[in-house]
Amino acid sequence: MALNPKKNNVSKIVSDYLCNSCGACYAVCKQGAIKYHETIGGYLFPKVDGKKCIFCGLCYEVCPGIHFNKCMVSQMSDNPFVGKILSCYVGRASNKEIFNNSQSGGIVTAFLIYLLKTRQISAAIVATMQTNISPRGQVTIATSVEELIKSQKSKYIPIPMLSVINQVKKFEKPVAFVGLPCHMHGLNNLFDFDPELKSKILIKIGLVCDRVLTNAAVDFLGQSATNLPIKNLIFRDKQCPNYPGNPVIIAENGDKIILNASLRMAIKNFFTPVRCRLCFDKLNIFSDVTLGDPHGLEGINRKLGESMIMIRTKTGHNIFDAILDDEAIAVRQIDYQNAITGQHINDKKIQWISYIEAWKQLERQNPNFFKLLKINFSPILNNKKYLRDLSYSLALDNFNSREELLNYVRMALKRKKKLSLFCFPLHLIKRFVKFFLTVLWYPQKNSGRDNAN
Ligand SMILES: Cc1cc2nc3c(=O)[nH]c(=O)nc-3n(C[C@H](O)[C@H](O)[C@H](O)COP(=O)(O)OP(=O)(O)OC[C@H]3O[C@@H](n4cnc5c(N)ncnc54)[C@H](O)[C@@H]3O)c2cc1C
Ligand code: SF4
Ligand code: SF4
Ligand code: SF4
């Protein structure tokens with residue numbers, strides 16, 4: 001009997017740092033050959049057990065790290081950075097508890113609670129934090145309002161949301177799925193191999209996503225707050241003191257420490273995974289509804305925030321209308337162009353093109369959707385920054401230990417702070433010269449010209 005030829009598993013994708021930790025490979029492997037492990041750099045990567053793997057190739061085929069399969073290719077928009085938008089809103093959950101406990105406006109949770117209460121779904125797949133020592137993200141299949149409220153707020157770390165997806169088949173009714181763009185990519189790839197799954201997902205609620213941070217960022221923030229082990233981290237708590245909110249650490253002894261929001265921003269580039277640099281889909285174009293922060297929008301509640309809502313499909317539209325009728329949310333319509341501008345999609349495009357060019361220079365494996373996006377590459381004049389960022393993210397695992405990495409980041413931040421103190425007077429002089437030229441000198445020069453004309 002002829003043996004099937006050996007097919008690829010995801011090992012090469014992982015070693016090329018193209019994995020986004022979505023969980024699709026774990027879900028599709030019938031041999032139970034895939035487990036997740038955390039690397040020194042804090043990446044959460046699948047590891048294939050060579051003894052169990054039969055090289056069927058399924059995990060490789062569903063991996064959105066490098067593939068967009070039929071389902072996604074057929075939905076690909078002419079403008080992949082924006083996708084199809086039917087209408088756009090900004091608003092909040094009407095229920096005070098949901099709103100106060102949320103990341104932005106609580107719209108995600110208002111959707112889920114409405115669908116659960118009206119018995120349209122049996123459960124919702126959401127992200128929570130394990131609240132034991134060294135907290136990490138985890139997937140929860142929530143079947144109650146209490147669990148949904150516990151799942152609120154953004155966890156800016158990798159969580160393999162699709163790892164539990166097969167469990168939706170045990171429920172009588174469909175489920176709602178909440179995820180980042182890369183989770184939606186993996187889910188769509190799975191639909192190609194398992195059509196039954198599609199009928200089990202009532203709605204795909206997508207979050208806007210610029211990046212996650214590797215799990216090492218959790219340890220860094222924890223150690224910045226206390227010498228004690230920590231048992232929870234809230235990345236952004238809008239109650240401390242107001243929107244968008246500061247990181248909050250809960251130490252082992254129950255102490256609550258509020259960190260400065262600027263620290264979360266300062267460490268972003270130190271813990272950004274490679275795959276996030278290569279990701280084009282900030283606006284979650286394959287979801288039914290996309291939710292994000294109300295960046296750049298006018299008249300926003302500055303104290304407690306609101307959610308930006310993009311309705312993308314008929315399913316999203318119908319459910320949104322029903323929730324509005326139920327008065328579970330309060331929203332106002334906005335021009336979708338303002339939302340796109342507020343999310344800096346043009347900058348995202350330029351950055352993405354630059355990172356892809358740099359990736360090519362590093363001669364790494366290219367995902368197939370680079371071609372699908374049909375973007376005309378323009379030569380980048382100075383792509384040193386992009387090469388440097390990618391090389392840094394690739395090198396996160398080259399440290400000898402987590403502690404060595406965290407020390408490196410601490411020292412680098414100190415150096416940056418010293419440099420900015422040194423550069424501050426120069427910065428002031430630069431600003432003064434600019435002010436002088438634009439406000440005082442140019443108008444005089446131009447008015448002189450006007451008079452001459
Ligand atoms: C990693 C990440 C990056 C983001 N980047 C941006 C951005 O650049 N710009 C922007 O405008 N908005 C961004 N958002 C979205 C924003 O932070 C809010 O999640 C969104 O506005 C919805 O808020 P809400 O109050 O309606 O949600 P809530 O009612 O607070 O509910 C939050 C929901 O998000 C889910 N969730 C949290 N973390 C994750 C995760 N890691 N993976 C999957 N699901 C998760 C929870 O399960 C919960 O259902 C990001 C979110 C995440 C998780
Ligand atoms: S190739 Fe098949 S058996 Fe091997 S890890 Fe992938 S899905 Fe599992
Ligand atoms: S991107 Fe998803 S499917 Fe691909 S290797 Fe990573 S976890 Fe597995
Ligand atoms: S930036 Fe892209 S790859 Fe990274 S977490 Fe967000 S959706 Fe996933």
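The values are calculated or read from the model by the stated rules, or taken from the named source; none is laboratory data. This one's a predicted model, so the numbers in the text were calculated from it and none came from an experiment. Backbone-built Cβ (ideal geometry, glycine too); neighbour counts: all protein chains shown. Note: accessible area is taken over every heavy atom of the protein model, side chains too, but ligands, DNA and RNA are not part of it. Shrake-Rupley method; radii C 1.70, N 1.55, O 1.52, S 1.80 Å.
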Original post:
Can you give the FRET efficiency for residue 132 and residue 265, using 1/(1 + (r/R0)^6), R0 = 22 Å, r = Cβ-Cβ distance, to the nearest 0.05?
Top reply: 0.20
Original post:
Loop-only check: which GluC sites (Glu not before Pro) in region 285-391 are DSSP coil with at most 11 other Cβ within 10 angstrom?
Top reply: 298, 327, 363
Subject >> Probe 1.4 Å, accessible area per residue of region 87-342, Å² >> reply: 38 Å²
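Scaled to the compact-protein estimate 2.2 N^0.38 Å, what is the alpha-carbon radius of gyration of the chain, rounded to two decimal places?
Dividing the Cα Rg of the chain by 2.2 N^0.38 Å gives 1.04.
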**OP:** Could you grab the relative contact order for the chain? Cα pairs under 8 Å, six or more apart, rounded to a whole percent.
**Re:** 20 percent
Subject >> Farthest toward positive dipole pole in region 11-75 [+1 Lys/Arg, -1 Asp/Glu at C-beta], among 53, 25, 65 >> reply: 53
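So what are region 282-406's ellipsoid semi-axes, whole angstrom, largest first, if each one is the square root of 5 times an eigenvalue of the alpha-carbon gyration tensor?
For region 282-406, the ellipsoid semi-axes come out as 36, 20, 16 Å.
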Original post:
Whats the longest run of the chain with zero trypsin sites (Lys or Arg not before Pro) that are DSSP loop and have at most 12 other Cβ atoms within 10 Å?
Top reply: 120-301
Original post:
222 nm [θ] for the chain, helices only, -39500 (n - 2.57) per DSSP H run of 4+, per residue, to 500?
Top reply: -11500 deg cm²/dmol
Subject >> Residues residue 382 and residue 429, FRET efficiency given R0 of 22 Å [Cβ-Cβ distance, rounded to 0.05] >> reply: 0.35
**OP:** Two decimals is fine: what's Rg over Rh for region 222-355, C-alpha atoms, Kirkwood radius as Rh?
**Re:** 1.03
Original post:
Over the Cα atoms of region 11-75, what Rg and Dmax result, in angstrom?
Top reply: 12.1, 38
Subject >> Calculated diffusion of region 128-244, Stokes-Einstein form, Kirkwood radius summed over Cα pairs, 4 °C and 1.567 mPa s, µm²/s >> reply: 81 µm²/s
Subject >> Electrostatic dipole magnitude of region 70-180 [Cβ: Lys, Arg +1; Asp, Glu -1; Cα centre; debye, to 20] >> reply: 100 debye
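When only C-alpha pairs under 8 Å and at least 6 residues apart count, what is the relative contact order of region 87-342, in percent?
26 percent
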Subject >> Dipole magnitude of the chain, debye to nearest 20 (Cβ charges: Lys/Arg +1, Asp/Glu -1, about Cα centre) >> reply: 1140 debye
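Size of the dipole of region 332-404 about the Cα centre, Lys and Arg at +1 and Asp and Glu at -1 on the beta carbon, nothing else charged, in debye to 20? Intermediate values should be presented prior to the final figure.
Values: 11 positive and 8 negative charges, 66 e Å.
Its charge dipole is roughly 320 debye.
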Subject >> In nm, spacing of pseudo-spin labels at residue 199 and residue 11 (7 Å Cα→C-beta vector) >> reply: 3.8 nm
Original post:
For residue 335 and residue 164 in the same chain, what is the full-extension length gain: residue separation times 0.36 nm, less their Cα-Cα distance, in nm?
Top reply: 57.9 nm
Original post:
Once the Cβ-Cβ distance between residue 345 and residue 51 is put in as r, and R0 is 35 Å, what FRET efficiency do you end up with, to the nearest 0.05?
Top reply: 0.15
Original post:
In nm, to one decimal, how far is the residue 173 label point from the residue 365 one, both placed 7 Å along Cα→Cβ?
Top reply: 4.1 nm
Original post:
Which whole-number percent gives the relative contact order of region 11-75, counting Cα pairs below 8 Å spaced six or more residues apart?
Top reply: 35 percent
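First check a/c for region 1-150, with a ≥ b ≥ c the square roots of the eigenvalues of its C-alpha gyration tensor; if it is under 1.5, answer rounded, and if not, answer prolate when a/b is larger than b/c or oblate otherwise. Write out the running numbers ahead of the final one.
On the way: a/c = 2.19, a/b = 1.63, b/c = 1.35.
Cα axes put region 1-150 in the prolate bin.
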**OP:** Pop out the carbon and sulfur fraction of the accessible area of the chain as a percent, whole number, probe 1.4 Å.
**Re:** 54 percent
